[in-house]
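The values are calculated or read from the model by the stated rules, or taken from the named source; none is laboratory data. If you're wondering where the values come from, they're calculated on a predicted model, not measured in any experiment. In this analysis, Cβ positions are derived from the backbone assuming ideal geometry, glycine residues included, and neighbour counts consider all displayed protein chains. With ligands, DNA and RNA removed, areas are computed over all heavy atoms of the protein, side chains included. Shrake-Rupley method; radii C 1.70, N 1.55, O 1.52, S 1.80 Å.
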Amino acid sequence: MKGWTIFTHSVRLVLSNLEMALRVSLVLYLLQAAYHVMAFMAAPEAAEPSVFAPSDPVFDLPLLLLGLGTIVSSLWIAVAWHRYVLVEEMPAGWLPRWHGDKILGYLGRSIMLGLLIFLVLAVTMVVVVVLPALQAFIMPGLVLAGSYFFFRLGVMLPAGAVGEKLSVAECWSATRDKDGAIVVLAVLMMAGTFILQVPSLVSGNLYSPITLVYNLVTGWFATMIGVSILTTLYGHYVQGRSID
């Protein structure tokens with residue numbers, strides 16, 4: 001199945017280039033980890049409220065700054081990994097090259113995609129309201145539909161990262177007749193996300209330091225594999241690269 005091939009190819013991109021994946025993302029991901037650690041410390045479920053209160057000014061400004069840094073670092077990692085795989089741009093050290101215009105463009109395209117997918121899902125919600133029998137399938141259905149449209153249109157993100165522009169119509173055309181593969185890919189991502197969450201759910205303790213560390217480690221792999229999937233979709237369906 002093509003969807004399975006795309007998924008496994010994306011996983012291999014990370015595992016077979018693990019050193020480069022770490023050089024591209026590790027320092028930037030540590031910034032995201034710092035945000036999650038501080039948020040964990042500030043959560044009432046994680047510590048005594050008398051010691052770490054969510055409204056404590058000690059946390060407010062640092063959390064805000066780290067939150068903004070997390071957004072920037074996520075975009076930076078995505079652009080850097082796309083460029084490493086697609087144009088073989090190597091990081092000089094443990095920080096990838098800064099491409100401010102492309103990172104800003106990545107943010108803009110991501111927001112546009114989010115709005116488009118929201119509108120599509122809003123129409124889906126109307127259908128569910130009209131047909132109550134479908135309500136039991138609403139959450140998995142919405143996630144699947146959102147993933148499907150994201151993968152079909154998301155090829156514009158790696159395109160922008162390497163300096164190419166793809167319109168929504170061009171993205172839709174490039175992934176035309178690929179519905180089966182993209183649906184399989186969306187299902188695999190949903191299943192993979194659920195599997196990664198199983199240990200935390202089984203333990204019954206979602207607010208422990210061990211769970212935090214586990215989520216940070218698996219979150220890194222999920223981030224890199226997710227970016228690799230977009231890279232693979234663009235390389236295969238737009239550029240015509242082989243993934244066999």
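A straight Cα-to-Cα reach below 25 Å connects K178 with the lysines K2, K165, residues fewer than 8 places away in its own chain not being considered. Protein heavy-atom accessible surface, 1.4 Å probe, per residue over the chain: 54 Å².
At a 1.4 Å probe radius, carbon and sulfur cover how many percent of the accessible area of the chain? Using a 1.4 Å probe with all protein chains present, the chain comes out at 72 percent carbon and sulfur. Between L61 and I210, the modelled labels are 3.8 nm apart [label points 7 Å from Cα along Cα→Cβ].
Tell me whether the range 153-193 comes out rounded, prolate or oblate; compute the Cα gyration tensor, take square roots of the eigenvalues as a ≥ b ≥ c, and use a/c under 1.5 as the rounded threshold. It would help to have the intermediate numbers written out before the result.
Details: a/c = 3.85, a/b = 1.62, b/c = 2.38.
Because a/c hits 1.5 or more and a/b fails to exceed b/c, the range 153-193 counts as oblate.
One chain, two ends: I138 and L18. Fully extended at 0.36 nm per residue, the span grows by 39.5 nm beyond their Cα-Cα distance. Can you tell me which of Y234, Y148, Y214 moves the most in a GNM of the chain? Springs connect C-alpha atoms under 10 Å apart. In the Gaussian network model the winner is Y214. A simple spin-label model places the labels of M1 and L31 3.8 nm from each other, with each point 7 Å out along Cα-to-Cβ. Rounded to the nearest 500, the 222 nm mean residue ellipticity of the chain from helices alone is -25500 deg cm²/dmol, with -39,500 (n - 2.57) taken per DSSP H run of at least 4 residues. Exposed loop sites were defined as GluC sites (Glu not before Pro) in DSSP loop states (anything but H, G, I, E or B) carrying at most 15 other C-beta atoms within 10 Å; in the chain the longest segment without such a site runs 165-244. Toward the positive end of the charge dipole of the chain, with +1 on the Cβ of Lys and Arg and -1 on the Cβ of Asp and Glu, the farthest Cα among V123, W81, S167 is that of S167.
When only the Cβ of Lys, Arg, Asp and Glu is charged (+1, +1, -1, -1), the dipole of the chain relative to its Cα centre reaches about 600 debye. Across the range 60-177, C-alpha contacts under 8 Å between residues 6 or more apart give a mean separation that, scaled by the residue count, equals a relative contact order of 29 percent. Screening the chain for DSSP H helices whose Cα atoms reach 30 Å or more along their own axis and whose mean Kyte hydropathy is at least -0.5 gives 18-42, 57-87, 100-130, 179-203, 209-233.
Modelled spin labels at S242 and A222, positioned 7 Å past Cα toward Cβ, are 3.5 nm from each other.
Decide, for the chain, between rounded, prolate and oblate: order the square roots of the alpha carbon gyration tensor eigenvalues as a ≥ b ≥ c, take rounded if a/c falls under 1.5, and otherwise choose prolate if a/b is larger than b/c, else oblate. Oblate, since a/c reaches 1.5 and b/c is not below a/b. Structural descriptor for the chain: relative contact order 31 percent, calculated from alpha carbon pairs under 8 angstrom and at least 6 residues apart. A Förster distance of 35 Å, applied to the separation of the beta-carbon atoms of T124 and A92, puts the FRET efficiency at 0.15.
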